[in-house]
1. Test each condition in (1) surrounded by 20 or more Cβ atoms within 10 Å (Cβ to Cβ); (2) more than 24 Å from residue 409 (Cβ to Cβ); (3) not aliphatic (A, V, I, L, M) for residue 213 and report the one that comes out false.
2. Among the listed residues 176, 152, 249, 200, identify the single one that is more than 17 Å from residue 418 (Cα to Cα) and of a type outside the set (Lys, Arg).
3. Would you check if there is a residue in the range 407-421 being within 22 Å of residue 23 (Cβ to Cβ), part of a loop (DSSP other than H, G, I, E, B) and touching a residue at least 12 places away in the same chain (Cβ under 8 Å)?
4. In contact (Cβ under 8 Å) with a residue 12 or more places away in the chain and out of contact with any strand residue (DSSP E or B) (no Cβ under 8 Å at 6 or more places or on another chain): does that describe residue 37?
5. Would it be correct to say that residue 481 is basic (Lys, Arg) and under 20 Å from residue 208 (Cα atoms)?
6. Quick one: what pairs do we get from the range 138-167, first residue under 25 Å from residue 264 (Cα atoms), second part of a helix (DSSP H, G or I) and not aliphatic (A, V, I, L, M), C-beta under 6 Å, 6+ apart or different chains?
7. Taking the range 391-406 as the search range and keeping residues that are part of a helix (DSSP H, G or I) and of a type outside the set (Gly, Ala, Ser), which one is surrounded by the most Cβ atoms within 10 Å (Cβ to Cβ)?
Amino acid sequence: MSLKRTLGTCYYPEHWPEEVWAEDAARMADLGLTWVRIGEFAWSRLEPSPGDLQFDWLDRAIDRLTAAGLKVVLGTPTATPPRWMVDRLPDMLAVDAEGRPRRFGSRRHYCFSHAGYREECVRITTLLAQRFGAKVHAWQTDNEYACHDTVLSYSDAARQGFRDWLAQRYQSTDALNRAWGNVFWSMEYETFDQIDLPNLTVTEPNPSHALDFRRFSSDQVARFNSAQVAAIRRHSDAPISHNYMGRTLDFDHFETGRQMEIATWDSYPLGFLEDRLEDPAEHKRRYARQGDPDFQAFHHDLYRAVGQNGRWWVMEQQPGPVNWAPHNPAPLPGMVRFWTWEAFAHGAECVAYFRWRQAPFAQEQYHAGLLRPDSVEAEGYAEAAEVARELAQMPDVEQAQASVALVFDYASAWAWAVQPQGQGCDYFRLVFEIYRGLRKLGLSVDILPPDCADLNGYALVLAPGIVTLSAALNDALGRSRTQLILGPRTNAKTAALSIPTPLPPAIDGLAVTVSRVETLRPDMPVDMAGGGAVKLWREQIESSEEVIEKDLNGAPIMVRSGPLSYLAGWPDEVLLERILTRAVIAAGLDPQPLPQDIRIRDTGATRFVFNHGSEPVEYEGHVLPPAGLHWIKL
Ligand code: GAL
């Protein structure tokens with residue numbers, strides 16, 4: 001799809017005197033910005049007390065911004081219910097796993113299951129959509145669902161909602177008892193009203209109970225979002241989006257993604273490196289001012305899959321140091337431009353910087369903006385200006401289907417989390433390591449949802465760790481001639497999270513039986529005959545298929561039947577590189593191992609080359625400076 005790429009920023013008119021709005025708007029336009037997102041935390045100013053609607057200031061702010069030629073994304077203010085709301089609905093607060101209500105005094109303190117709060121959100125959203133539906137150019141629902149660990153809530157509202165959800169799903173407690181295996185430890189129920197939430201049990205709760213609670217909680221987010229979407233749609237034709245986060249797995253983003261036109265996400269490369277990744281200290285030190293070389297790219301590719309027709313944005317782009325990670329260094333000069341171009345290379349329609357001006361008060365005082373608190377341009381400003389100039393000259397970055405795809409499944413993340421079987425066995429980590437391995441071979445990757453029914457057009461597809469294959473994907477595997485890698489843990493569980501018989505993976509055309517699983521301490525990897533090792537998770541398999549990887553004792557770790565391979569363990573870096581190189585060649589592609597800091601992204605007609613390092617790197621006759629990138633016509 002061909003589109004002009006744009007820039008934007010996040011602005012809080014309610015934080016600044018009205019006299020500066022027009023000047024701010026003029027400076028934004030001058031900088032070359034197209035979009036400005038506003039309003040997402042402003043409930044206490046839009047409705048200072050119940051029913052006292054104060055929308056005129058927002059109207060004037062929108063007018064000032066649009067008069068300067070900017071387009072407005074209006075956020076619904078529902079991530080920050082004001083104090084009076086909590087006084088009116090004290091049981092709307094989310095409750096943590098220890099049973100403690102979360103308090104007023106920051107944000108995201110609501111429980112998704114609270115019907116009264118959901119109605120309040122529909123009310124304020126409807127009023128905003130009626131008043132501004134024809135004026136704004138896009139919408140954002142709420143702000144960062146799941147951030148600050150806010151999806152799983154153990155409130156009274158959640159308990160009642162969960163019971164109703166279970167009654168719907170199972171129809172009878174007999175069916176539920178059978179599905180969960182409640183005969184074990186005398187956990188059987190006679191009525192749905194006896195079923196509690198799976199917290200505060202003496203030892204671990206039944207994993208089927210815990211998984212259903214996660215499914216229920218994800219559904220609550222989808223339901224909460226769809227109520228707002230419906231309210232907006234009644235009064236506005238503008239596209240709707242939500243700003244997702246990094247490594248946030250507590251709800252199914254594909255589900256909410258189906259409700260809205262655009263997926264957006266908030267990209268904080270330095271904060272994420274510090275607090276979202278398992279990598280060793282040397283890695284974090286090496287990339288402290290640049291961010292992990294693959295983490296942003298992974299989410300760009302993921303949210304391209306979540307957005308309708310591949311439509312996605314970065315709604316918040318880190319413009320300098322943030323305030324919330326364990327350490328908050330400044331980015332290397334050039335990184336703000338670099339991150340922006342990286343997003344465009346992966347297909348972002350817009351990159352919006354968070355925030356326009358640094359706030360001298362409250363929680364985020366040390367979080368950079370494009371402007372300092374005194375309105376002087378901060379470091380990121382000039383880099384944004386440079387991108388704006390470059391965009392004006394750049395022909396469009398047209399996207400194309402990649403040759404390699406990776407299937408991503410939120411439900412599998414929950415199943416792994418509920419039953420990890422060993423410390424460190426985490427679904428995201430497994431998928432992300434494989435994604436990184438593909439990128440290190442110079443590949444561009446598409447991410448596919450777990451119910452994708454068509455793998456055609458891809459030379460190689462990987463679907464690691466999918467605990468229960470969807471019927472659609474199972475079917476697609478059977479029909480496909482694409483090179484496919486499954487495992488570990490593929491089809492390891494029924495939908496109710498029991499071990500199926502015949503034993504997993506039970507895939508047509510693949511004679512493999514997982515007869516036992518073991519998890520490994522970090523200091524006890526199992527070495528492979530061809531070098532490298534299996535770590536963390538290892539399956540013992542019985543198979544009559546061709547063995548392509550085995551351990552030092554000759555036990556199979558990877559087998560192949562035609563284009564279909566099964567991987568019976570979690571590969572370390574060396575083994576992963578060999579497996580991927582072999583698969584890439586079998587798929588008719590050309591693996592190109594890259595220098596450590598280099599990554600590539602191919603679009604329709606352009607190859608982007610990025611140096612994520614803090615030193616210059618020579619690649620294909622071109623010296624890329626630190627934070628350097630260049631593009632060539634393919
Ligand atoms: C995001 C959030 C913003 C701001 C920002 C700071 O997670 O959406 O409101 O808090 O982080 O980096």
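The values are calculated or read from the model by the stated rules, or taken from the named source; none is laboratory data. These numbers were taken from a predicted model, which means no experiment stands behind them. Here the Cβ is made from the backbone with ideal geometry for all residues, glycine too, and neighbour counts use every protein chain on show.
1. (2)
2. Testing whether each residue is more than 17 Å from residue 418 (Cα to Cα) and of a type outside the set (Lys, Arg) leaves just 176.
3. No: the range 407-421 contains no residue that is within 22 Å of residue 23 (Cβ to Cβ), part of a loop (DSSP other than H, G, I, E, B) and touching a residue at least 12 places away in the same chain (Cβ under 8 Å).
4. No, not satisfied.
5. Spelling it out, it is not the case that residue 481 is basic (Lys, Arg) and under 20 Å from residue 208 (Cα atoms).
6. 141/225; 141/228; 151/217; 152/217
7. Filtering the range 391-406 for residues that are part of a helix (DSSP H, G or I) and of a type outside the set (Gly, Ala, Ser), the one surrounded by the most Cβ atoms within 10 Å (Cβ to Cβ) comes out as 391.
The rows are residues; the columns are (1) acidic (Asp, Glu); (2) over 23 Å from residue 404 (Cα atoms); (3) within 17 Å of the chain's Cα centre (by Cα).
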| site | (1), (2), (3) |
| --- | --- |
| 260 | no, yes, yes |
| 277 | no, yes, yes |
| 286 | no, yes, no |
| 289 | no, yes, no |
| 292 | yes, no, yes |
| 296 | no, no, yes |
| 304 | no, no, yes |
